[in-house]
Amino acid sequence: MSDIICDKKVLDHIQKDAFARHLGATVEIVAPGRSRVFLTVTETMTNFHGTTHGGVIFAISDMAFAAACNSHGRVAVALNVSICYLKPSFPGDRLKAEATEIHCGRRTSLYDITVTNEDTGTLIARSQDQAFRKDEWIVPEK
């Protein structure tokens with residue numbers, strides 16, 4: 001099987017993410033190696049300062065990373081994630097996480113992820129993530 005997106009089958013597989021559904025996040029594959037995640041922050045997603053909990057921001061960044069690195073149809077898992085929190089967000093904010101593939105090799109791949117406030121364009125967080133590409137396929141070879 002070639003290393004290309006299996007369109008609907010891969011997207012259907014990624015849509016099975018129970019945690020994304022739990023948070024109310026919407027995950028989209030834009031193109032092979034690119035994805036977007038949208039999430040509206042609720043009161044239950046805040047910390048004791050009243051701002052969006054860092055774990056929620058990390059989670060949507062990680063969802064975008066996972067969708068992008070698995071979008072080719074080959075199973076990929078995280079090797080390393082480094083995130084920088086830059087600005088706060090608040091309940092009612094609609095966050096957008098976008099992942100872009102920087103490198104896709106035989107065994108590893110690298111992604112830049114940004115989390116922004118969709119309404120204001122404010123950069124909330126930025127992450128650089130590395131994946132390990134397994135010799136397995138989301139949609140098995142025939």
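The values are calculated or read from the model by the stated rules, or taken from the named source; none is laboratory data. Bear in mind that the values here come from a model prediction, so they are computed numbers and not experimental data. In this analysis, Cβ positions are derived from the backbone assuming ideal geometry, glycine residues included, and neighbour counts consider all displayed protein chains. Ligands, DNA and RNA are excluded from the accessible area calculation, which covers all protein heavy atoms including side chains. Shrake-Rupley method; radii C 1.70, N 1.55, O 1.52, S 1.80 Å.
Quick look at the numbers
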quantity: Some residue of segment 41-50 being of a type outside the set (S, T, N, Q), farther than 20 Å from E136 by Cα and in a helix (DSSP H, G or I); calculated: yes
quantity: M1, sole failed condition from (1) of a type outside the set (G, A, S); (2) at pLDDT below 95; (3) in contact with a helix residue (DSSP H, G or I) (Cβ under 6 Å, 6 or more places away or on another chain); calculated: (3)
quantity: Condition met for A31 (closer than 27 Å to H103 by Cα and either modelled with pLDDT of 95 or more or surrounded by fewer than 13 Cβ atoms within 10 Å (Cβ to Cβ) (or both)); calculated: yes
quantity: Residue identified as out of contact with any strand residue (DSSP E or B) (no Cβ under 7 Å at 6 or more places or on another chain), among the β-branched types (V, I, T), in contact (Cβ under 8 Å) with a residue 12 or more places away in the chain and open to solvent by 30 Å² or more (accessible area, probe 1.4 Å) among T42, T26, T100; calculated: T42
quantity: Within segment 47-70, tally of residues that are of a type in the set (S, T, N, Q) and either surrounded by fewer than 17 Cβ atoms within 10 Å (Cβ to Cβ) or in contact with a Cys (Cβ under 6 Å, 6 or more places away or on another chain) (or both); calculated: 1
quantity: Residue that is least open to solvent (accessible area, probe 1.4 Å) [pool: residues in segment 71-96 that are within 23 Å of T52 (Cα to Cα), part of a strand (DSSP E or B) and in contact with a Ser or Thr (Cβ under 7 Å, 6 or more places away or on another chain)]; calculated: L95
quantity: Segment 55-77 residues that are on the phi > 0 side of the Ramachandran plot, paired with ones that are aliphatic (A, V, I, L, M) and open to solvent by 10 Å² or more (accessible area, probe 1.4 Å) (beta carbon under 7 Å, 6 or more apart); calculated: G73/I4; G73/I5; G73/I138; G73/V139
quantity: Of the criteria (1) farther than 21 Å from D17 by Cβ; (2) in contact with a Ser or Thr (Cβ under 9 Å, 6 or more places away or on another chain), which one E43 fails; calculated: (2)
quantity: Search result, residues across segment 112-142 that are touching a Lys or Arg at 6+ places or on another chain (Cβ under 9 Å) and either open to solvent by 60 Å² or more (accessible area, probe 1.4 Å) or at pLDDT below 95 (or both); calculated: E118, D119, L123, F132, K134, D135, E136, W137, I138, V139
